[in-house]
Amino acid sequence: MSGYGAVRTATGGVLRHKVQSVVIGAVLLTATASATLGFTLLAASDAPFQHVFSAQRGADATLTVNPARASTAQLTATRSLRGVVASSGPFAQVSVQADQAGQPWGQLNLEGRSSSAGPVDDLVLTEGHWATGRGQIVVSASQYGGLRTGDTFTVTSVPGKPVLTVVGVASSLTDSVSGWVAPAEIAQLTAPGNPVSEQMLYRFSQASTFAQVRSDISEVGTALPPHSVTTADSWLNERAQDGGNGAIMEPFVVAFALIGLVMAVLITGNVISGAVVASYRRIGVLKSIGFTPAQVVLAYLRRVGWPALAGCAAGVVVGNVLAIPVLAQSSAAYGVGAQQVPWWASVVAPLGMLALTVIAALGPALRAGRLSATQAIAAGRAPRVGRGYAAHRLATRLGLPRPVGIGLAAPFARPARTAVTFAAIAFGATALIFAVGLHSSLGQAAASQNLSATVPVQIQQDGQGNDSGPGGNVASAAQDAAVTAALTAQAGTLHVLPVYYGQVTVAAMPGNVDASAFGGDASWTGYGLIQGHWYNAPGEVDVNTSFLTISGLTVGDTAAVDTGTTTVTVRIAGEVFQPDTNPQLYGNAQTLPGLAALTNLGQYDVGLRPGTSVSGYIASVNNALGQDSPWAATPPQGGQFYSVAADLIGMLALMVAIAAGLGVLNTVLMTTRDRVHDLGVFKALGMRPSQLLTMVVCWVAGPAVLAALVAAPAAVLLNDATVRAMASAAHTAVPASFFQVFPPGKLALLALSGLVLAAAGALLPASWAARARPAVALRAE
């Protein structure tokens, strides 16, 4: 047989087995898309801040300067200082009070900047265009990413109350301002008596440690008049925050990306290998008409290769399309400008899947090539003598309906093919159960961190949370009284808890410890406890895992805490779930004297009565506080990483489920075609279409039940391992409740997903078998 004949045979095989070719192409499409997305996620989670910091020329140091003490010429002269490799500025800055959509928005820190580009802190426009005219503003993506072009602000602190229209959204690694306007706008937005400051951004030749950055800042400050520099910030602070965020995200990304890749490999191998085994009879026929072993192998590899190549090519496109919204969310969560699909992901994924396809097909094809024509036809036409007879006899003795008994016994006649079906269903069901469990675990982690389930409303200054103090203007006694009165007057108010933020020192611990002092009963707030209990007696506090790790203390130990006004001895009552590399301490204001001062007032946590509308309550409180109040009611902020993770869970689980369903469809299709003569005999003997449909579906019922029994515990173990890996990378332990997401009833119901996958995959070939006329089925012999 000529090589041309082999090619024609391969092409003809593709055209004759259209459904099988479509299944192979669809599975490779799903697998390649999953692999492309998986590689992209792995690349996106690999030190995103450092990569984007270099690409966007982030500022090593950000200095705010008083223009009354340092002139523009003096600031410009600092660009030539030793060690300064690049600089931007000075940019004029002003703070204003604003309303948005008729509600008090709080304070906006605005900067006059003529362009988004620059030698330092090259901004990335994620939406709209740069502000070039009057009344235009570009808002910070990290602070106000929920705003869109066309939204407006009313500046209430300036005479005439000018309106600013959002024309763009930009991402800045420096993240020091709320938004940017044209430089000429700063004068229009400056109220009498409201000082204007200027910002300078620098990149230095040596800025890899805090000591080096402090030295660089000191050199700049020395070159300027005394007391010119009002604030200075280091890029290392932003990197540390990004590292903490990445610690939460990275283990999940790695875990699910690897799971998706492994499942894609296994399902692809199962489908391709099964397709080769199913064609043994045809291979035997080809050998009987003169094909050499090498031509048989080549013909079949080409027949499998064409749909596989098409599937891989389409999969790369689909993977890149799916990655666009995922990377947009990832960029926002990591606080970086933009992330792209790496070029190597679009190359490695299809080439890897094609290589796996060839490897999966080569083994069975080589074996078939070595068989004689008679052996190949026998291997592909009928199971070995005696296989499945015992199962058929048992089904008869149990009195099962004949279609059900024949269908349940059929897998025992083809154990290898049954193993393929079992693997596809087991992996698909495991992915679905694991996705549901991980979603629940991450939901509990998110609720424990941002307290959204128990604290639906927070009253914050300038509408922003703060972990180290009030941040804006220091709260006054009158403001405190006004907020308390506004909350007390609301019928839906159940709890009001002032929270004070400060820093304390603990004996035998280096540096400062972030402390939260609660001005009342905080047991209702719902902080997740890893061990111990929430403090309930004078002198008790709770701490996070980092505190215990750094101090070497354990729950139940005592520690000396210096609050700045006095030193107190406290007992550690419990370990709180707070994945942060910085040590955290939580206690009552009486236990931590001196912290409950207005200068440390950060926010009010509010609990609502059942049935109270959160949005209505927030609107009512903000109306009561008035437009001039620096305080505003907001829903809890944070948890963006968990939102991104939840979206990824659903997307990847859906892709794996589709691949699993296609794997089942392919296996049942092979079995249906293999037994088409038997089906014709059954129909000729009077088996009704509904009975035939039942019989074919029962072919996969047994493997599906077994797969469900395996998938349920496998998913539980996989969920536990993934959550523990995430916690370990985030330097925290995990409350036991995060693992208790599979109550028996829920797990049993989820295990049925394997049966659903099996039924969905078997339905199409079962329907074809039920509709086929006996004469057609018999002629298909």
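The values are calculated or read from the model by the stated rules, or taken from the named source; none is laboratory data. All values derive from a computational prediction rather than experimental measurement. Backbone-built Cβ (ideal geometry, glycine too); neighbour counts: all protein chains shown. For accessibility, only protein heavy atoms count, side chains too; no ligands or nucleic acids. Shrake-Rupley method; radii C 1.70, N 1.55, O 1.52, S 1.80 Å.
Between amide H atoms placed 1.01 Å from N, distances below 5 Å from D580 occur with S546, all of them 5 or more places distant or on a separate chain. In terms of packing, defined here as the mean over residues of other Cβ atoms within 10 angstrom, the peptides 484-494, 110-120 line up highest first as 110-120, 484-494.
For segment 146-207, the carbon plus sulfur part of the accessible surface works out to 51%, probe radius 1.4 Å. Amide H contacts of Q531: E575, each under 5 Å away and 5 or more positions distant or on a separate chain (H built 1.01 Å from N in the peptide plane; Pro and chain starts excluded). Packing around the peptides 594-600, 313-319, 287-293, taken as the average count of other Cβ atoms within 10 Å per residue, puts them in this order, highest first: 313-319, 594-600, 287-293. For D720, the solvent-accessible surface with a 1.4 Å probe is about 40 Å², rounded to the nearest 10.
For the pair A507 and A560, the difference between a 0.36 nm per residue extended length and the Cα-Cα distance amounts to 18.5 nm.
Calculate the FRET efficiency for D521 and A489 from the Cβ-Cβ distance with a Förster distance of 25 Å, rounded to the nearest 0.05.
0.75
Residue separation of S218 and T165 scaled by 0.36 nm, minus their Cα-Cα distance, works out to 15.2 nm of gained length.
Projecting label points 7 angstrom from Cα along Cα→Cβ for A294 and T152 puts them 7.9 nm apart. Here the label points at S205 and A748, each 7 Å from Cα along the C-beta direction, are separated by 7.3 nm in the simple model. Between A721 and L81, the contour length at 0.36 nm per residue exceeds the alpha carbon distance by 225.2 nm.
Beyond 11 Å, how much of the Cα-Cα pair distribution for segment 183-223 remains, as a whole percent?
Percentage above 11 Å: 73.
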